[in-house]
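Engineer: To start, I am sharing the structure in question, which I have written as structure tokens.
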Amino acid sequence: MHDVISPVTEEVVATVPSLGREETDAAIERAHAAFPAWRAVTPGDRARLLRRFAAVVDAHNEELAQLEVRNAGHTIGNARWEAGNVRDVLDYYAGAPERLSGRQIPVPGGLDVTFYEPLGVVGVIVPWNFPMPIAGWGFAPALAAGNTVVLKPAELTPLTAIRLGELALEAGLPEGVFTVLPGKGSIVGERFVTHPLVRKVCFTGSTEVGKRIMAGCAEQVKRVTLELGGKSANIVFADADLERAAAAAPGSVFDNAGQDCCARSRLLVQASVYDRFMELLEPAVQGFRCEDPALESAQMGPLISAGQLESVRAYVDDDAVAFRGAAPAGPGYWMAPTVLTANGAQDRHWREEIFGPVLSVLRFDDEADAIRLANDTEYGLSGSIWTRDLGRGIRVARGVESGNLSVNSHSSVRYWTPFGGVKQSGLGRELGPDAVAAFSEVKNVYFSTEV
């Protein structure tokens with residue numbers, strides 16, 4: 001058994017099973033046994049089941065949100081959005097089974113057609129920073145394509161995933177089609193990688209672990225999608241709406257206490273407006289509300305664990321602190337939003353993914369310098385560009401090496417559009433219209449018409 005600790009109170013909020021290898025293997029085998037019947041469900045009926053699952057999640061939105069506040073320390077506003085995102089992603093991919101059509105390809109001497117065939121059992125490994133949405137990004141398109149799913153939540157935050165598994169059965173999904181398996185990554189997650197009946201692994205987490213998973217999947221030439229670390233740049237040009245950019249910057253990095261691979265944790269400000277921008281940024285940071293996440297007014301809660309708090313604090317050199325916000329005292333893994341000034345692009349807090357409420361700020365000279373500094377990282381997941389010049393926005397967006405960028409916005413994730421990283425931020429894409437194809441094999445069949 002495993003105790004789930006509230007990051008808000010440091011108290012035990014639940015005790016859940018931690019499955020071993022035999023139990024994991026048995027669940028994978030049940031998912032494999034359920035696969036033939038699930039793939040045979042007509043597209044319309046599979047779509048109806050997914051819409052019913054979405055409706056059940058929607059009916060339990062507040063329950064799931066309140067559970068996530070205790071489970072992960074998310075603000076109640078964020079948690080409601082996250083439960084709603086699971087609903088929306090299920091609804092979106094409920095439209096896929098009836099539209100997953102192949103092609104008829106002109107060939108001489110016959111007829112050639114392609115089919116999208118499901119893979120089989122898909123293993124989804126979910127991190128602790130966004131337990132509900134990232135789970136849905138994996139299981140919804142996988143189920144829509146006709147696969148069965150085994151899902152391992154993070155050890156720190158299993159509660160909402162377990163509840164989603166119960167709601168799937170309540171919605172009418174057959175036993176074995178969607179199974180949540182709480183346990184250690186070294187046991188349950190590792191078995192997803194090594195078990196031959198698991199045909200694909202979706203992993204969101206650190207780059208270090210992602211590399212090990214990729215190497216393990218190579219042993220069986222197993223498909224893998226990886227969404228890994230990030231050190232995203234927020235680039236503010238002198239011609240930008242500085243007031244708007246400064247007001248938006250705290251949310252881009254301190255949301256979820258900075259525990260977000262898409263966090264714009266590197267702020268690049270054009271030298272000619274640097275001092276003015278910092279004047280605007282300071283009150284925005286100091287006004288960012290870090291408080292009890294159950295409060296409707298909360299914008300940021302605690303870090304997930306004592307270990308994470310210690311790790312993040314190690315990056316903060318008081319001599320580099322430009323200014324801080326405020327955080328509660330007392331129990332809980334609290335840390336105030338913190339802004340550091342970088343002496344150069346080699347500073348540790350500028351280069352490494354901190355995964356906490358720490359923002360590093362650096363000047364740049366011109367457009368080419370901004371692109372150079374933004375690309376001077378092993379990561380490439382997300383980022384933002386602030387400018388009133390449309391041409392510059394296009395040029396810089398094409399020049400920055402990143403899977404997702406926003407101009408005059410900090411939006412990274414929309415379920416209608418693809419999401420994923422380049423370089424060491426990951427491999428493959430989630431969400432968007434093509435995600436179902438990533439959980440399918442293209443089968444080509446040729447019919448000879450020659451007599």
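Engineer: Checking Arg163 against (1) open to solvent by 10 Å² or more (accessible area, probe 1.4 Å); (2) assigned to a loop (DSSP other than H, G, I, E, B), only one condition comes out false. Which one?
Structural biologist: In the conditions (1) open to solvent by 10 Å² or more (accessible area, probe 1.4 Å); (2) assigned to a loop (DSSP other than H, G, I, E, B), Arg163 misses (2) alone.
Quick grid of which residues meet (1) closer than 25 Å to Glu175 by Cα; (2) in contact (Cβ under 8 Å) with a residue 12 or more places away in the chain; (3) among the charged types (D, E, K, R):
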| position | (1), (2), (3) |
| --- | --- |
| Pro7 | no, yes, no |
| Glu10 | no, yes, yes |
| Leu19 | yes, yes, no |
| Glu22 | yes, no, yes |
| Asp25 | yes, yes, yes |
| Arg39 | yes, yes, yes |
| Asp45 | yes, no, yes |
| Leu50 | yes, yes, no |
| His74 | no, yes, no |
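Engineer: What helices (runs of 4 or more DSSP H), lying completely within region 241-320, carry at least 2 residues that are within 21 Å of the chain's Cα centre (by Cα)?
Structural biologist: It comes to 242-254, 306-313.
Engineer: Any residue at all in region 92-108 that's in a helix (DSSP H, G or I), open to solvent by less than 10 Å² (accessible area, probe 1.4 Å) and hydrophobic (A, V, I, L, M, F, W, C)?
Structural biologist: Within region 92-108, one or more residues are in a helix (DSSP H, G or I), open to solvent by less than 10 Å² (accessible area, probe 1.4 Å) and hydrophobic (A, V, I, L, M, F, W, C).
Engineer: Going by what's in this entry, would Gly84 be described as on the phi > 0 side of the Ramachandran plot and not acidic (Asp, Glu)?
Structural biologist: So Gly84 fails the test.
Engineer: Here's something else I'd like to know. Looking only at region 62-86, how many residues end up being in contact with a helix residue (DSSP H, G or I) (Cβ under 8 Å, 6 or more places away or on another chain) and open to solvent by 30 Å² or more (accessible area, probe 1.4 Å)?
Structural biologist: 6
Engineer: Related question: Could you check, for region 364-379, whether at least one of its residues is in contact with a His (Cβ under 7 Å, 6 or more places away or on another chain) and either more than 23 Å from Glu227 (Cα to Cα) or outside any loop (DSSP other than H, G, I, E, B) (or both)?
Structural biologist: Among the residues of region 364-379, not one is in contact with a His (Cβ under 7 Å, 6 or more places away or on another chain) and either more than 23 Å from Glu227 (Cα to Cα) or outside any loop (DSSP other than H, G, I, E, B) (or both), which makes the answer no.
Engineer: With Val396, Val358, Val400 as the choices, which residue is of a type in the set (A, V, I, L, M, F, W, C), more than 16 Å from Val236 (Cβ to Cβ), crowded, with 16+ Cβ neighbours inside 10 Å and within 25 Å of the chain's Cα centre (by Cα)?
Structural biologist: Answer to the selection: Val358.
Engineer: Continuing with this model, one more query. I'm checking my understanding of the structure. Among residues of region 240-252 that are of a type in the set (A, V, I, L, M) and open to solvent by 10 Å² or more (accessible area, probe 1.4 Å), which one is nearest to Gly205 (Cα to Cα)?
Structural biologist: Ala248
Engineer: Next question, about the same structure. So how many residues does region 422-444 have that are touching a Phe, Trp or Tyr at 6+ places or on another chain (Cβ under 7 Å), closer than 26 Å to Gly95 by Cα and of a type outside the set (Lys, Arg)?
Structural biologist: The number of residues fulfilling the criteria is 7.
Engineer: In addition: Find the residue count for region 205-234, including only residues that are of a type outside the set (A, V, I, L, M) and surrounded by fewer than 18 Cβ atoms within 10 Å (Cβ to Cβ).
Structural biologist: Total satisfying the criteria: 8.
Engineer: What is the number of the single condition among (1) touching a strand residue (DSSP E or B) at 6+ places or on another chain (Cβ under 8 Å); (2) open to solvent by less than 20 Å² (accessible area, probe 1.4 Å); (3) in a loop (DSSP other than H, G, I, E, B) that Asn129 does not meet?
Structural biologist: All conditions are met except number (1).
Engineer: Of the residues Val445, Val413, which is farther than 29 Å from Gly301 by Cβ, among the aliphatic types (A, V, I, L, M) and open to solvent by 30 Å² or more (accessible area, probe 1.4 Å)?
Structural biologist: None of the others qualify; the one that does is Val445.
Engineer: Let me ask another. Does Phe237 satisfy the criteria of being closer than 19 Å to Thr157 by Cβ and crowded, with 21+ Cβ neighbours inside 10 Å?
Structural biologist: no
Engineer: Looking at Glu190, Glu155, Glu175, which one is in contact (Cβ under 8 Å) with a residue 60 or more places away in the chain and either more than 20 Å from Ala40 (Cβ to Cβ) or among the aliphatic types (A, V, I, L, M) (or both)?
Structural biologist: Glu155
Engineer: Looking at region 66-79, is at least one residue farther than 30 Å from Val8 by Cβ and aliphatic (A, V, I, L, M)?
Structural biologist: No, the conditions are met nowhere in region 66-79.
Engineer: Take the conditions assigned to a loop (DSSP other than H, G, I, E, B), under 29 Å from Tyr116 (Cα atoms) and of a type outside the set (A, V, I, L, M) and apply them to Gly421. Does it pass?
Structural biologist: yes
Engineer: List the pairs whose first member sits in region 302-319 and is closer than 13 Å to Glu352 by Cβ, whose second member is open to solvent by less than 30 Å² (accessible area, probe 1.4 Å) and in a loop (DSSP other than H, G, I, E, B), and whose Cβ atoms are under 7 Å apart, counting only residues at least 6 apart or on separate chains?
Structural biologist: Val312/Leu303; Val312/Met335; Val312/Ile354; Val312/Gly356; Tyr315/Ile354
The values are calculated or read from the model by the stated rules, or taken from the named source; none is laboratory data. Here the structure is a predicted model, which is why all the values come from computation and not from measurement. With ideal geometry, Cβ positions are generated from the backbone for all residues, glycine too; neighbour counts draw on all protein chains shown. When the accessible area is computed, the model is the full protein with side chains, heavy atoms only, and any ligands, DNA or RNA have been set aside. Shrake-Rupley method; radii C 1.70, N 1.55, O 1.52, S 1.80 Å.
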